[in-house]
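The values are calculated or read from the model by the stated rules, or taken from the named source; none is laboratory data. Predicted, not measured: the structure shown is a model, and the values here were computed from it. In this analysis, Cβ positions are derived from the backbone assuming ideal geometry, glycine residues included, and neighbour counts consider all displayed protein chains. Surface accessibility is based on the protein's heavy atoms, side chains included, excluding ligands, DNA and RNA. Shrake-Rupley method; radii C 1.70, N 1.55, O 1.52, S 1.80 Å.
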Amino acid sequence: MNHDSYLHYIKDESWLIKENQWEKKLQNVRESQFALGNGYLGTRGVLEEIPYDSMPGTYIAGVYDKMASQVAEIVNLPNPFNFKFTVNGEKLGVIAMDVVEHKRILNLKNGILLRHTLYKNSKKSRFDYHSLRFVSMSDKNIGVMQIVITPLDKPCIIDINTGIDVSVYNTGVLTEGRKRHFRVKELSQERNAGYLTVETMEKKHVVMCWEGFYYEADGKKVFAKDNIFRLKLKKRQKVIFTKIFYMKRFSPSEDITRCKRNSFNKFYKVFHSSLDYILRRHIKAWEKLWDKADVIVESKRSLQQNLRFGIYHMLIAGSSGNGFSSIGARTLSGEGYRGHVFWDSEIFLMPFYLFTVPEVSRNMLIYRYRRIDAAKEIAKRSGFKGAMFPWESAGTGFEDTPGWAKDIDGSIVRIFTHKMEHHITADIAYAVYLYYLATGDGRFMREYGYEIIFETARFWASRVRYDRRNNVYHIDHVIGPDEFHIDICDNAYTNVMAKWNMLIAHKMFCVLRRQSPRMHSLLKKKLKLASGEARMWKKIASLLPLLVNKNGVIEQFKGYFKLRKVTAAATDENGFPVVSGKLKTKDFAKTQLIKQADVLMLMYLLPDLFPYRAKKINYDFYIKRVMHKSSLSPSIHAAMACECGQLQQAYNLFNFSLHIDISNVYGNTAEGIHAASLGGTWQAVIFGFAGVTIKKGRLFINPRLPHGWQAIVFSLLWRGDVIKLRLTNDTIKIKIVSRDRRKKNIGIFKSVISIEPDKNYTFSRKAPVLKREYYY
């Protein structure tokens, strides 16, 4: 790229993700990778001329619709990044013309997508094309695009066709085909601005769009009065087009006339501001985010861009608010899994936000609370009590799991996760408790948290089956995180998470009664909760089994050890097991092969419950059986490998997870970025290599960096304080920034140290780590 005004944004390689040539087969992958967003609004990185087979995507978080679909899905809204040109009658685009040179660069630091394409038409005339676009991080309803065109060889006539493209649709799923989830209600041109209102088919969400643009040539600025017009350009005459749009959702109950007037006033103010001003505000908002979220690895290896790529995509997916939306399995970068919210959100993504921008994690949990009545209704319909959260959630909080889906081998299979993968209910309770531990947000607990924990405990107490003969409770007919094995009994992960859920609910019930009797009384009355019910939670929890063999290996579920033992025929380049081709996907359930972490996931989430020896024994057993057929798997195994002292294996697993979307490892990045992999990779770095953990409610730091990492630098938010860290294997440099002048107790290596705020400390390990030579 050589356009003078854009050079500033492409200087620091450690912040840049690049596409150095046009490759049609990678078009949809690049659209996901180059997505822009701000948590409210997400747009795929589609080329603005909308080439054939492109997948434009514009999404507002929380806007779902079910019309013509099995289940609700996120709505693909009209595309504002739509700019089509013809030059002397020939379409300007990567399909229609010869591409002499093509580059796109995503600036992660500033949230800006830049492009340079040099075209040659059928008469060998060249046209220089530059563009810059962003979705504002400072004003969540605003997006901006600027395009610069220069005819290099001859004068030309250029025809411009822009506006907001309403010909978009949601991609087809299985037999459903393509569908449009909105209808156009109003389309007009007013006061040099285009206006569009659309309404979703089923839920009647109203989305208003304003857009306007101007062009500059020979120092003159002209506000366009229409979306279609023509210009004559001289040889080497540069013309700059700038387009600004405003997009916002309104509920159908709002006064549309008033909404239209107010939205226009906001749009008009921004539209008549200078681009430099809009861009400065946007960049400043990004600077504040990166100040909290950046992770710097001092290493010879070039992993910094890839690490920041993952953090960037989490930052553009996270929103704060009143719980209208959470974060789907493919963020706002695509329609994979129909934009649904899974356990990925609470278990894999939420910790990143919790320690960097906790208002996002708070919003994610309020999203669940706003739908607790739906969760109670799901439980009731299933014959249970309390709140039973859906496996796949969209707008309403009712179950939105489709009945059929593609398996990992491409075959169409029945889906049972919504009927049996009930651990998500405990996962949400776990996330609530983790949020409370890390923030100390008592108001959140009073308004939302206690109710979630109590109602989920109530669900588990009704979900168990009592075996009178053996005086034990069982949880039958479940699916654990593994998912290869369906309709099993006493899954270790489900049993222990349910046990934990009931025990923590009982503990909180008792603490509330002692410390906040008024709040305790209010909750008892609201939930019709008796003390005897809380005592029953503790009793049931104590009688839920965890099956362990004589070698200390936890049985993933009852009967697992009796399944066929399959030995890997080989390992692939990532060290993952490769089984015989004769073993079909449908036969995995008859073997001990597992899809992803299950027992190890349990040990990872509840590390205080298991001693080191138990973790090591189970890691050594299950790592030989895991197929990593889910993007959720490698990162958790990386963190557990760190815990078990297997740093070489940890790095290999981390490196695989790091590349899942940047290298399209699973072959489906075109459907959107894998949210759980982003969060899991961050956890592998912070909770794995950096050794950050919570033990008995206290933060500990005990680094175990890979060979080749000299240091790691990052910040964490912990109970309102900012903890700034620079870690090596043998030293911890720490500074706590706090408004509270009291000393803070932090676990440093293996000892608890009292640290004064706003002072720099350096602690050295008593016995330095001896680095072994090994190769990745």
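Candidates in region 327-344 are the residues that are touching a helix residue (DSSP H, G or I) at 6+ places or on another chain (Cβ under 6 Å), open to solvent by less than 10 Å² (accessible area, probe 1.4 Å) and outside any loop (DSSP other than H, G, I, E, B); of these, the one that is nearest to Asp407 (Cα to Cα) is Gly336.
From the set of residues in region 11-28 that are farther than 15 Å from Thr117 by Cβ and assigned to a helix (DSSP H, G or I), which is most open to solvent (accessible area, probe 1.4 Å)? If we take residues in region 11-28 being farther than 15 Å from Thr117 by Cβ and assigned to a helix (DSSP H, G or I), then Lys25 is most open to solvent (accessible area, probe 1.4 Å). Exactly one residue out of Phe324, Phe309 is touching a residue at least 24 places away in the same chain (Cβ under 8 Å) and open to solvent by 20 Å² or more (accessible area, probe 1.4 Å), and it is Phe324.
For region 401-414, state whether one or more residues are more than 22 Å from Met502 (Cα to Cα), hydroxyl-bearing (Ser, Thr, Tyr), open to solvent by 40 Å² or more (accessible area, probe 1.4 Å) and modelled with pLDDT under 95. Looking through region 401-414, at least one residue is more than 22 Å from Met502 (Cα to Cα), hydroxyl-bearing (Ser, Thr, Tyr), open to solvent by 40 Å² or more (accessible area, probe 1.4 Å) and modelled with pLDDT under 95.
Matching residues to (1) in a strand (DSSP E or B); (2) touching a residue at least 60 places away in the same chain (Cβ under 8 Å); (3) closer than 29 Å to Asp153 by Cα:
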site	(1), (2), (3)
Glu176	no, yes, no
Lys185	yes, no, no
Gly194	yes, no, no
Thr197	yes, yes, no
Lys203	no, yes, no
Lys221	yes, no, yes
Asp226	no, no, yes
Ile244	yes, yes, no
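One line per residue, one yes/no per condition, for (1) more than 30 Å from Asn652 (Cβ to Cβ); (2) among the hydroxyl-bearing types (Ser, Thr, Tyr); (3) modelled with pLDDT under 95:
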site: Ile701; (1), (2), (3): no, no, no
site: Ser738; (1), (2), (3): yes, yes, no
site: Arg741; (1), (2), (3): yes, no, yes
site: Val752; (1), (2), (3): yes, no, no
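Would a scan of region 517-534 turn up a residue that is closer than 30 Å to Arg613 by Cα and not in a strand (DSSP E or B)? No, region 517-534 contains no residue that is closer than 30 Å to Arg613 by Cα and not in a strand (DSSP E or B).
Go over the candidates Gly440, Gly386 one by one and state the one that is out of contact with any Pro (no Cβ under 7 Å at 6 or more places or on another chain), in contact (Cβ under 8 Å) with a residue 12 or more places away in the chain, surrounded by 21 or more Cβ atoms within 10 Å (Cβ to Cβ) and of a type outside the set (A, V, I, L, M).
Gly386
Per-residue answers, yes or no, for (1) surrounded by 19 or more Cβ atoms within 10 Å (Cβ to Cβ); (2) touching a Gly at 6+ places or on another chain (Cβ under 9 Å):
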site: Ile424; (1), (2): yes, no
site: Ala457; (1), (2): yes, yes
site: Arg468; (1), (2): no, no
site: Ile475; (1), (2): yes, no
site: Ile488; (1), (2): yes, yes
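Looking across Leu593, Leu602, Leu606, one residue alone is of a type outside the set (Phe, Trp, Tyr) and surrounded by fewer than 18 Cβ atoms within 10 Å (Cβ to Cβ). It is Leu606. Criterion first (out of contact with any Asp or Glu (no Cβ under 8 Å at 6 or more places or on another chain), more than 23 Å from His659 (Cα to Cα), at pLDDT 95 or above and in a loop (DSSP other than H, G, I, E, B)) does Lys385 satisfy it? Taking the combined requirement at face value, the residue satisfies it. Considering only residues in region 41-50 that are open to solvent by less than 10 Å² (accessible area, probe 1.4 Å) and in a loop (DSSP other than H, G, I, E, B), the one that is farthest from Glu73 (Cα to Cα) turns out to be Glu49.
For region 309-354, which residues satisfy the criterion of being of a type in the set (Val, Ile, Thr), touching a Leu at 6+ places or on another chain (Cβ under 9 Å) and farther than 20 Å from Gly667 by Cα?
Hits for region 309-354 are Ile311, Ile316, Ile327, Ile347.
Considering region 536-570, and only residues there that are in contact with a helix residue (DSSP H, G or I) (Cβ under 7 Å, 6 or more places away or on another chain) and in a helix (DSSP H, G or I), the residue that is surrounded by the fewest Cβ atoms within 10 Å (Cβ to Cβ) turns out to be Met536. All conditions but one from (1) farther than 19 Å from Phe656 by Cβ; (2) modelled with pLDDT of 95 or more apply to Gly697; the one that does not is (2). Would you say Asp98 is open to solvent by 10 Å² or more (accessible area, probe 1.4 Å), at negative phi and acidic (Asp, Glu)? Answer is yes for this residue.
Of all residues in region 223-268, those satisfying the criterion of being under 33 Å from the mean Cα position of the chain (by Cα), open to solvent by 70 Å² or more (accessible area, probe 1.4 Å) and under 18 Å from Pro80 (Cβ atoms) are Lys266, Tyr268. Within region 145-167, can one find any residue that is within 30 Å of Lys284 (Cβ to Cβ), of a type in the set (S, T, N, Q) and open to solvent by 20 Å² or more (accessible area, probe 1.4 Å)? Yes. Criterion applied to Arg126, Arg104 was being surrounded by 17 or more Cβ atoms within 10 Å (Cβ to Cβ) and under 30 Å from Gly336 (Cβ atoms), and the one residue passing it is Arg104. Report yes if some residue within region 709-718 is assigned to a loop (DSSP other than H, G, I, E, B) and either open to solvent by 10 Å² or more (accessible area, probe 1.4 Å) or more than 17 Å from Thr356 (Cα to Cα) (or both); otherwise report no. So far as region 709-718 goes, no, none of its residues is assigned to a loop (DSSP other than H, G, I, E, B) and either open to solvent by 10 Å² or more (accessible area, probe 1.4 Å) or more than 17 Å from Thr356 (Cα to Cα) (or both). Condition test on Val148, is it under 21 Å from Lys18 (Cα atoms) and of a type in the set (A, V, I, L, M)? Judged against the criteria, Val148 is a match. Give me the residue from region 168-220 that is aliphatic (A, V, I, L, M) and more than 28 Å from the chain's Cα centre (by Cα) and, out of that set, most open to solvent (accessible area, probe 1.4 Å). Restricting to residues being aliphatic (A, V, I, L, M) and more than 28 Å from the chain's Cα centre (by Cα), the top hit is Leu187. List the pairs whose first member sits in region 576-603 and is of a type outside the set (S, T, N, Q), whose second member is in a loop (DSSP other than H, G, I, E, B) and modelled with pLDDT under 85, and whose Cβ atoms are under 7 Å apart, counting only residues at least 6 apart or on separate chains? If the second residue must be in a loop (DSSP other than H, G, I, E, B) and modelled with pLDDT under 85, the pairs left are Pro577/Ala568; Val578/Ala568; Val578/Ala569; Val578/Asp572; Val579/Ala568; Val579/Ala569; Leu593/Val579. When Asn729, Asn745 are checked against the criterion of being crowded, with 17+ Cβ neighbours inside 10 Å and in contact (Cβ under 8 Å) with a residue 40 or more places away in the chain, a single residue qualifies: Asn729. Out of all the residues in region 642-665, is one or more of a type in the set (Gly, Ala, Ser), open to solvent by 10 Å² or more (accessible area, probe 1.4 Å) and not in a loop (DSSP other than H, G, I, E, B)? Within region 642-665, none of the residues are of a type in the set (Gly, Ala, Ser), open to solvent by 10 Å² or more (accessible area, probe 1.4 Å) and not in a loop (DSSP other than H, G, I, E, B). Restricting attention to region 219-265, the residues being over 30 Å from Ile149 (Cα atoms) and of a type in the set (A, V, I, L, M) number 1.
Only a single criterion out of (1) under 30 Å from Gln649 (Cβ atoms); (2) free of Cβ contacts under 8 Å to residues at least 40 places away in the same chain; (3) crowded, with 18+ Cβ neighbours inside 10 Å is not satisfied by Glu573, namely (3).
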